[in-house]
Amino acid sequence: MPSQLDTREFRAEARFQRVSPQKARLVLDLIKGRSVEEALNTVVFTKKGVAPLVEKVLRSALQNANYLSQEQGLDVDVDNLYVKKALANEGPRMKRIRPAPMGRAYRYQRRLSHIVISVAERGGENGLVTKVGEPEAASVKKSAAKKAPAKKAAAKKTAAKKKTANWKQKAAK
């Protein structure tokens with residue numbers, strides 16, 4: 001049984017790319033959690049301009065996994081890899097100036113992004129299937145946790161009402 005600590009994570013980065021992080025996230029959200037083969041097929045047929053760049057980074061992460069598994073003697077099944085993380089972080093912004101009417105100038109920013117993709121081996125138990133008994137136990141704990149604050153709030157309200165009633169009685173005397 002492989003635990004969370006036993007699984008290795010292999011990553012690749014493409015830094016200072018001339019695409020806004022928002023546009024890159026549109027493609028990266030398509031491949032999160034998918035197997036590497038399925039993610040590659042998705043990216044190849046995506047019609048976004050950043051898709052070839054994402055494909056390049058994904059292939060690099062796959063090659064890193066292959067190389068490091070051979071180098072360190074790890075037993076990594078390349079067919080069992082999936083995209084664990086796919087991030088597009090914001091890089092530095094380039095400030096530019098555009099001519100405007102009547103001799104003025106408008107400033108605008110060209111955004112850069114750092115694209116990070118990490119792949120990991122999917123364990124036999126840690127797949128997409130969840131056990132039947134798990135959600136029920138979690139929902140019982142959540143419902144009990146929701147009831148406790150409600151009881152505290154009700155107790156505070158009744159205490160406040162008693163204080164105001166006592167104050168009114170004292171004021172009437």
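Readers should treat all values here as calculations from the given coordinates under stated rules, not as data from a laboratory. In this text the structure is predicted, and so the values were computed from the model without any measurement. Reconstructed Cβ throughout: ideal geometry from the backbone, glycine too, with neighbour counts over all protein chains shown.
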For segment 13-23, what does the Karplus curve 6.51 cos²θ - 1.76 cosθ + 1.60, with θ = phi - 60°, yield as ³J(HN,Hα) per residue in whole Hz, taken in order and with x for Gly and Pro? 10, 10, 9, 6, 8, 7, 8, 6, x, 4, 5
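Determine the sum of side-chain charges near Lys23: Lys and Arg each +1, Asp and Glu each -1, restricted to other residues whose C-beta is under 14 angstrom from that of Lys23.
Values: positive: Arg18, Arg25, Lys47, Lys48, Arg110, Arg111; negative: Asp29, Glu90.
Taking every Cβ under 14 Å from that of Lys23, the sum is +4.
Restrict the search to segment 1-79; then list the chymotrypsin sites (Phe, Trp or Tyr not before Pro) that DSSP places in a loop and that have at most 16 other Cβ atoms within 10 Å of their Cβ.
Values: sites: Phe10, Phe16, Phe45, Tyr67; in loops: Phe45.
Hits after loop and neighbour filter: Phe45.
Using the eigenvalues of the Cα gyration tensor, what equivalent ellipsoid semi-axes result for segment 9-121 when each is taken as the square root of five times the eigenvalue, whole Å, largest first?
Numbers: eigenvalues 251, 40, 16 Å².
Square roots of five times the eigenvalues give 35, 14, 9 Å.
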Find the relative contact order for segment 1-103 and round it to a whole percent, using C-alpha pairs within less than 8 Å whose residues are 6+ positions apart. 37
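Here is the link list: Lys32/Lys56; Lys23/Lys85; Lys56/Lys95; Lys23/Lys48; Lys47/Lys85; Lys56/Lys85. Which ones come out longer than 19 Å on Cα distance?
Lys56/Lys95; Lys47/Lys85
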